[in-house]
Every structure is written in structure tokens, then in C-alpha cells.
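The values are calculated or read from the model by the stated rules, or taken from the named source; none is laboratory data. Here the structure is a predicted model, which is why all the values come from computation and not from measurement. Using ideal geometry, Cβ is built from the backbone for each residue, glycine included, and neighbour counts are taken over all protein chains shown.
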Protein chains: 2
Amino acid sequence: MDDDRPLFFHVMAYADAADGDVINMVSGDPDWEPPTALREGLREFADAPVDDYQYPPSEGDTALRETIAARHDVPVERVVVTNGAGEANHLAMACGLDAHAGSEVILADPVYPYYANRAEMLDAEVRYVPADDDGRLDPVAVRDAASADTALIVTCSPNNPTGAVYGEEIKRELTAIAEETDALYVSDEVYAAFDYTGRFHTALDFESSNVAVTSSFSKAMATTGLRVGYGILPKHLIDPVRTRHMLTNVAVTAPGQHAVLKALRETPEDYYAETRALLRDRIDAFCAALDAAEAEYTRPEGAFYVLARFDGFPGTLENVKRLIDEAGVAGMPGDAFGSAREDWLRFALVTPRATEAADRLADYFA
Amino acid sequence: MDDDRPLFFHVMAYADAADGDVINMVSGDPDWEPPTALREGLREFADAPVDDYQYPPSEGDTALRETIAARHDVPVERVVVTNGAGEANHLAMACGLDAHAGSEVILADPVYPYYANRAEMLDAEVRYVPADDDGRLDPVAVRDAASADTALIVTCSPNNPTGAVYGEEIKRELTAIAEETDALYVSDEVYAAFDYTGRFHTALDFESSNVAVTSSFSKAMATTGLRVGYGILPKHLIDPVRTRHMLTNVAVTAPGQHAVLKALRETPEDYYAETRALLRDRIDAFCAALDAAEAEYTRPEGAFYVLARFDGFPGTLENVKRLIDEAGVAGMPGDAFGSAREDWLRFALVTPRATEAADRLADYFA
């Protein structure tokens, strides 16, 4: 998920209203084809018996949960299907705050802004830990920030907005810190399919009862509007999360679950490999243009965002608008993602015109 | 929505495991065909461009919101599309509790149990007001129960489980009470399409800023698993509800919204009239059998549930199981809906075998 609204909407609206031709790199909406089997699954569902149109099990379709459980090598009881990773993350945060001592949420800075907004909605305090130059959390800094008051540690890897992939060591350490402080480590792994380094590790590996993993098919299957995600929960959170999910949403859309299950079963690994190759090409072209523009940036190890800083051109909303009007490229202001990268701009490489956008930026800053 | 889980699940599982042939009248899942245009909408979506597969606006597809607004004659700003009426009800209750003084929720007894469970989840107190013999709230009794501590009044009309339709006068009075006590009146109108009396009135009629209406297409279009509903909110709750919706769910499933919009535009009134005729026939047959069994019951004025009491056969879980084993009919124990009808049984007339079930009950209690 990637909805930095209302700032997001504001930038989108400005880009749409601009006079010239604007390449939209604001939002994290994939622009490539979803799996063929996913479309086929929706087509199948259109002709399904009436019974299939009624409430699916609140915790998710059984076959879908079994497939997810098998892919993650966890017992099916731990899987709850949700309305996208967004709901899974909300449920894990809400129930984690209820079940664990303390009221503080440790987040990286820069950060995907919904985590902070959710913490605020849930009456929790946010404690930001600045990411290092590579866009990763340093567990030493997290340990310094953690205390008996820490209820949650929330990370996203591969990361939005930095593109960093947290390796095994970082996640092991974050898990250990959660265990030591009786906190819940919520690991958002929604970009797991977009790892260009081979270093991605799931936080499930450590078999800790202080870890919840949230994910979805929105990015991997290029269908952010389908709204099918899931949480994998430690034992003590299964019942609270199921109850809260039931009272919030009753169940998750049946045609979407049907389509995702079919796509999970029938989509060849090539589909994901081709998407990665496509994105790697865009990253190469974009980073080459950033080099030409003498911008500061970190080459993404995963996901599909690039944070960049142009000399004398801080990433304010005003400059974002200038870039739309004068260069024909729309990005997001860095301060949408906290204070640590407020001088930067984020570009989402989810347009077939990413290379063209890169050339425009190189020309503009030449 | 109609998920009285886990009791609901327990009864369903028992009915499924029973040796003999059992007619399932446990759950409120429609058994008739959804509109043709709804299936066609899903089929269309299967071939939609990639862009249509991405995040729809968080507050709902614009054309869908405009269509809903026009049907209810309200400004489009007041409409938020939700993951079924369940989410709409949750959002209205949560934001209503935040915005209005007090922490008490007035509910009818018997009641659709999710309202009470949501109140509990939101740390509110429930104050039950017993329904009258016709299954309706008496505004005089509600006025006696209401106080400065009342934050919400929540009703469902046409009613699950009593089948009562609250007329204009009751809703006008409940609205006035909400205004007098600075409370929010949340009117769940999800069964509005199933009114056999012509007495149904929407609480929107009174143009009060103390009224929120929640509904969905789940029952009217026989698609409880699609998860497309909506809330119509008073001005002061629009922003809080949109924010909470965004942070909980991000957005509602795009194929479902597309299918519902097409169905709203293209489904003839006949579709709804035929469904009502079908249900009226079932109600006639079922009530005739209840007469033959000398049961106490109230003929439903709306929705598709019948509450009945059989002499010497209280509606306990034990007796529900006996009825499954000995009569081959599965209903719900009355105490799932509060204490006022705990001696009763609820039967959902959502099976083509409703008449056969009625005969079985008449034989069993003969």
C-alpha cells in the first residue's frame, strides 16, 4: 500500500491539472499486467454459484489460508486474510498495543507515513529512529531507543521509501529487542517479491512469539485495488486479531480471494522474475540520470522507489510543484515520510516512462 | 451482515456434521441470484485496464458515490464507500463515540449482536432497551434510558432478528432524542429493500446532523461476500470517518465497486420486487406452519427472519441441536440476540426449502 494522503492526493491533483505532459511518479500503483490467472479467477467468479457470493469465512477462505501458510511454512491457524496489507498492519498494531506493555511505537525515519498515522489513531506515541545513510535501521540505535515503554517496533523491508532491504542480522536483532522489551515486532513484508539483492529475510525465520508479519498481493500481483492481504500472527494475537477483524470488516471480498488463490496456484515464477527485470532496468536508467544530474541518492536494493536529493533544490511541496511544471516529472516531497529526508524527493518507478522521466530530470538539473 | 460468530459457527458446524438431512436456516446469506448486471460487472472488470486494478479513491469510486448520493438525495461528500455495512457501522460507532459526549450505547433487546460486540471493542457501555411485543423500540422507553451519558443510539430497520419495520414516527423520535442528548443516531438500513409493509422510512428524512445511516448491497443484491457497503454521514463526521477508513482499510475492493455500480445502473425494479415476492411466499408458508405448531411468533414486516417460541421448548443451544437432529431444521438460539428473546429461536428464510422446513417444524411440534 502506498497512500500518503491527503498530501498524496494534493500532489496527484496538481499533476493532473498541470498544463504540460507530466510523468506521474507519485504513487506506488504498479503499471504492469497482473497475472493472467488472476484475471481468469475474476472471470470464473463471475459465473460462480450463488453460494460463492455469500460471506466467506471471516478469517479468510480456507484454501487461500492454507496456500499462504504453506508458502511461509507456518501453521494455517496463524494466517488471517485481510483487506490488503493495510488492514493487517492496522490489526497487528492495534492488537499488539493492547496485548503488550507500553504505549510507544518505534519507527524508522524516513517512514511510510501510515504507520505513524495509525499509531496516532490508536493513542500511541511514536518514537522515530533515524535510518542510516543506506536507509536501514541500525539495531544499536533501536536498542538505545527501546525501553519498557516500547509496545511495537514496525519496519518495512524492502523499504518504502528508501529502497533498503533489511538483512537477516537486522531482523534478528529487532526480534531480540522486541523479546527483551516485551514488545511486538511488526514486519511489513509487502515488497518481498521485489528484492534485487537476495538478502531479503522474513522475520518469521526466528520463530519468535514477538513477531507478526503483514503482507499482501497488491504489489507482487500488480493489483493494489483488489484488497487482499494477510497477517501471520503469533499465537497470543490470533484470537484478538480475528475478533477485531470480524467486528471491523466481517470478511474480505470473495471474488478477490478467489482470484488471488488461482493466481497463487497458477502463476509461474517467471512472472515475478520478469517484473523484477523490468524494475531493475528502470532503476538502472533512473540512477544513471541521477548520476548525470549529480543528485545524491541510494540505489534501491528492493521495492520500486528512489529517494534523491538535488543540490539547492530541497524536496518541499513547492519544489515538487516546480518540478511538475518545469520538468514534467511528478514525485513526492520527502517530508511526507518524516523529517530525516525532508530535503529529498521520492520517485515511484511505476510508469513505463521511467527512463523518459530520468532524462527529463537529467536535462532539468544539467 | 449477519455473523453471529462464534455461536453462529458452532451451530453451522453442528448442522453440517449431523447425520440426517438438515435444512439450514442459521445464517442470513441470501440464496437467490444476484442481479445479472452484477455478474456482468465482474466479467467486465476481469478485462479492465491495469489502471483499474490499482487503488480506487479511499472514500470510494466517484461514480458509485454519486449514484448512492442521488438515490438517497444527499450531497456526495456525505457518502463513504466501505467494506460492507459492517465497516460502515463500525466507523459510525467509533467516530460517533469520539465526537459525542458520553460513553453509553443504547441498543434494542433483542439485537443484532455485532453492535454490542463493537461497543465493547470501543470501550463503550451498552444500555439495552427491551423491544415491544412487535419487536420494535418504544421511543418512550428509549427516552427513559437516554441521558447525558448517551453517545450512540443504534437501530436496525427492517430488523434482524425481529422482522419489525420502524415507521416514520419512531425514527423521528429517536432522532429527536439523539439531538436532545448530543448523541449520534446510527440507523442501519441494510434490509431497506425488504419492506413488506410500505412503512419503511430512512432516518435521513429528518435532515439531522445527529444521524448517520449505514447500508450495503449485500442483502439487496444477494452478495454478502462482495463487501461493498456505505455510510452516509453528518458533516462533522465526514473527515473523521474518512481518516479512520483510510487507516483501517485504505480502500474498498475495486472489482466489487465496479460490479455494484453496474448493477445499480442496470438492474430493473422487478429484480427487487421478485425477491420480495419470493420471500413473502416463504413467510406465508413458514407462518402457517408456526400456526399449526401453535408457536408464538410475530409475522415479519421486513427482512427475512422469523423469531418463534415453541411451548415447552426454549431456544437454548441444546434445543437448537435437538431440532437439528430430530426435526432436520437448523435455527439460531435466541440468546445470541440478547436476553429479551432467549426463549425463542430465529429462523432465516434464505433457503428454497423454507416451506419444507416449515412442514418439518409443524410435524415435530404436532
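Which residue, of B:81, B:26, is more than 18 Å from residue A:252 (Cα to Cα), crowded, with 18+ Cβ neighbours inside 10 Å and in contact with a helix residue (DSSP H, G or I) (Cβ under 9 Å, 6 or more places away or on another chain)?
B:26
Being surrounded by fewer than 24 Cβ atoms within 10 Å (Cβ to Cβ) and within 20 Å of residue A:282 (Cα to Cα) is the filter here, so list the residues in region A:157-193 that pass it.
A:192, A:193 - these are the residues of region A:157-193 that are surrounded by fewer than 24 Cβ atoms within 10 Å (Cβ to Cβ) and within 20 Å of residue A:282 (Cα to Cα).
Being over 28 Å from residue A:116 (Cβ atoms) and either outside the structural domain of residue A:325 (by TED's automatic domain parsing) or not basic (Lys, Arg) (or both) narrows it down to one residue among A:22, A:26; which is it?
Selected residue: A:22, the only one of A:22, A:26 that is over 28 Å from residue A:116 (Cβ atoms) and either outside the structural domain of residue A:325 (by TED's automatic domain parsing) or not basic (Lys, Arg) (or both).
Out of region B:337-366, which residues are in a helix (DSSP H, G or I) and crowded, with 24+ Cβ neighbours inside 10 Å?
Once the filter is applied, which keeps residues that are in a helix (DSSP H, G or I) and crowded, with 24+ Cβ neighbours inside 10 Å, region B:337-366 yields B:337, B:354, B:357, B:358, B:361.
Can you give me the ranges of the helices (runs of 4 or more DSSP H) entirely in region A:6-98 with at least 1 residues that are of a type in the set (D, E, K, R), away from chain B (no Cβ under 14 Å) and out of contact with any strand residue (DSSP E or B) (no Cβ under 6 Å at 6 or more places or on another chain)?
Qualifying helices (runs of 4 or more DSSP H): A:62-72.
State whether the residues of region A:161-175 include one that is outside the structural domain of residue A:25 (by TED's automatic domain parsing), polar (S, T, N, Q), within 17 Å of residue A:105 (Cα to Cα) and assigned to a loop (DSSP other than H, G, I, E, B).
no
Of the residues B:192, B:178, only one is within 20 Å of residue B:74 (Cβ to Cβ), assigned to a loop (DSSP other than H, G, I, E, B) and either touching a residue at least 24 places away in the same chain (Cβ under 8 Å) or within 16 Å of the chain's Cα centre (by Cα) (or both); which?
Result of the check over B:192, B:178: B:192.
Answer with yes or no whether residue A:341 is under 24 Å from residue A:115 (Cβ atoms), touching a Pro at 6+ places or on another chain (Cβ under 9 Å), modelled with pLDDT of 95 or more and of a type outside the set (Gly, Ala, Ser).
Considered against the rule, which asks whether it is under 24 Å from residue A:115 (Cβ atoms), touching a Pro at 6+ places or on another chain (Cβ under 9 Å), modelled with pLDDT of 95 or more and of a type outside the set (Gly, Ala, Ser), residue A:341 comes out as no.
Going by what's in this entry, would residue A:131 be described as surrounded by fewer than 18 Cβ atoms within 10 Å (Cβ to Cβ), hydrophobic (A, V, I, L, M, F, W, C) and farther than 28 Å from residue B:121 by Cα?
no
So residue B:289 fits all but one of (1) modelled with pLDDT under 95; (2) buried (at least 21 other Cβ atoms within 10 Å of the Cβ); (3) not in a helix (DSSP H, G or I); what number is the exception?
Only one criterion in (1) modelled with pLDDT under 95; (2) buried (at least 21 other Cβ atoms within 10 Å of the Cβ); (3) not in a helix (DSSP H, G or I) is unmet by residue B:289, namely (3).
Looking at (1) assigned by TED's automatic domain parsing to the domain that holds residue A:89; (2) touching a Lys or Arg at 6+ places or on another chain (Cβ under 7 Å); (3) in contact (Cβ under 8 Å) with a residue 24 or more places away in the chain; (4) not acidic (Asp, Glu), which is the one condition that is false for residue A:63?
(2) is the only condition that residue A:63 fails.
Within region A:137-157, can one find any residue that is of a type in the set (D, E, K, R), touching a residue at least 24 places away in the same chain (Cβ under 8 Å), outside the structural domain of residue A:346 (by TED's automatic domain parsing) and within 30 Å of residue B:225 (Cβ to Cβ)?
Looking through region A:137-157, none of the residues is of a type in the set (D, E, K, R), touching a residue at least 24 places away in the same chain (Cβ under 8 Å), outside the structural domain of residue A:346 (by TED's automatic domain parsing) and within 30 Å of residue B:225 (Cβ to Cβ).
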